[in-house]
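The values are calculated or read from the model by the stated rules, or taken from the named source; none is laboratory data. Just so it is clear, the structure is predicted and the values come from calculations on it, not from any experiment. Don't worry about glycine lacking a Cβ; one is built from the backbone with ideal geometry, like all the others, and counts go over all protein chains shown.
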């Protein structure tokens, strides 16, 4: 069984009655292991304000085959940089979400907390900056807009190439709403 | 060769079908295809900014294809605007 789990969860095919389409408990279960004493998890949710505008919901567009390959490649980079045993879970929503819905889950399990924090931070920053995913916000006035994003034209920046330098991961020129 | 470019994000507004088809030379680079697409959009979807097209990446199902790469034999490509996941 693989130590890296990747998924795209299509909100249009998940039942509204199911407990949680993107489930933090499932992520914790996947990265749990008798070898591991440290687990870190990031849960990204839809919030009701962005850049001063009232948001009623968002839609995610994904290029699914490349998104899954990108998640897997991010996991393998995290593993090679951690240099020891690790389990990593990356799942992202696709389609229409309401305020408070879970948009993304990244969880890392490792022997100790330091590697878990670093692997989790590395993976969520890389997902945001490298995965072919686009967010469209819907506003209370009926307007909608695609978020400004990170161009994939350039080769990956050095600042995002190592787990340890996560503090530089947002050190590029444009502003993010996250 | 006929090239089919699948649209995502803000570029979906360029064609409601979700893709654009262009005729390109057989040994065409991604850079040349980008120029062809820019000309096509200027004609058919003038509301799409030229700057956005310059900031988009082209990709196959497997990988990002930078400007020096040649078109995949399948003629199937995706165009990826700047990304905003998470």
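For segment B:39-59, the count of residues that are under 11 Å from the mean Cα position of the chain (by Cα), more than 20 Å from residue A:94 (Cβ to Cβ), more than 13 Å from chain A (Cβ to nearest Cβ) and without any contact (Cβ under 8 Å) to a residue 60 or more places away in the chain is nonzero. Scanning segment A:119-130 turns up one or more residues that are in contact with a strand residue (DSSP E or B) (Cβ under 6 Å, 6 or more places away or on another chain), closer than 18 Å to residue A:30 by Cβ, at pLDDT 95 or above and facing chain B (nearest Cβ under 10 Å). Take residue A:109 and tell me if it is surrounded by fewer than 22 Cβ atoms within 10 Å (Cβ to Cβ) and either more than 10 Å from chain B (Cβ to nearest Cβ) or more than 30 Å from residue A:143 (Cα to Cα) (or both). Criteria not met by residue A:109.
Residues in segment B:75-86 that are closer than 23 Å to residue A:146 by Cα and more than 7 Å from chain A (Cβ to nearest Cβ): B:77, B:79. Residues in segment B:65-74 that are under 16 Å from residue B:36 (Cβ atoms), surrounded by fewer than 15 Cβ atoms within 10 Å (Cβ to Cβ) and more than 13 Å from chain A (Cβ to nearest Cβ): 1 in all.
Just to be sure, is residue A:155 over 18 Å from residue B:85 (Cβ atoms), modelled with pLDDT under 95 and either surrounded by fewer than 16 Cβ atoms within 10 Å (Cβ to Cβ) or within 15 Å of the chain's Cα centre (by Cα) (or both)? Criteria met by residue A:155.
Yes or no, residue by residue, for (1) at pLDDT 95 or above; (2) in contact with a strand residue (DSSP E or B) (Cβ under 6 Å, 6 or more places away or on another chain); (3) more than 24 Å from residue A:145 (Cβ to Cβ); (4) surrounded by 14 or more Cβ atoms within 10 Å (Cβ to Cβ):
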| site | (1), (2), (3), (4) |
| --- | --- |
| A:14 | no, no, yes, yes |
| A:21 | no, yes, yes, yes |
| A:25 | yes, no, yes, no |
| A:38 | yes, yes, yes, yes |
| A:49 | no, no, no, no |
| A:56 | yes, yes, no, yes |
| A:68 | yes, yes, yes, yes |
| A:79 | yes, no, yes, yes |
| A:87 | yes, yes, yes, yes |
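Take the conditions (1) away from every other protein chain (no Cβ under 13 Å); (2) within 19 Å of residue A:66 (Cβ to Cβ); (3) at pLDDT 95 or above; residue B:16 misses just one of them, which is (2).
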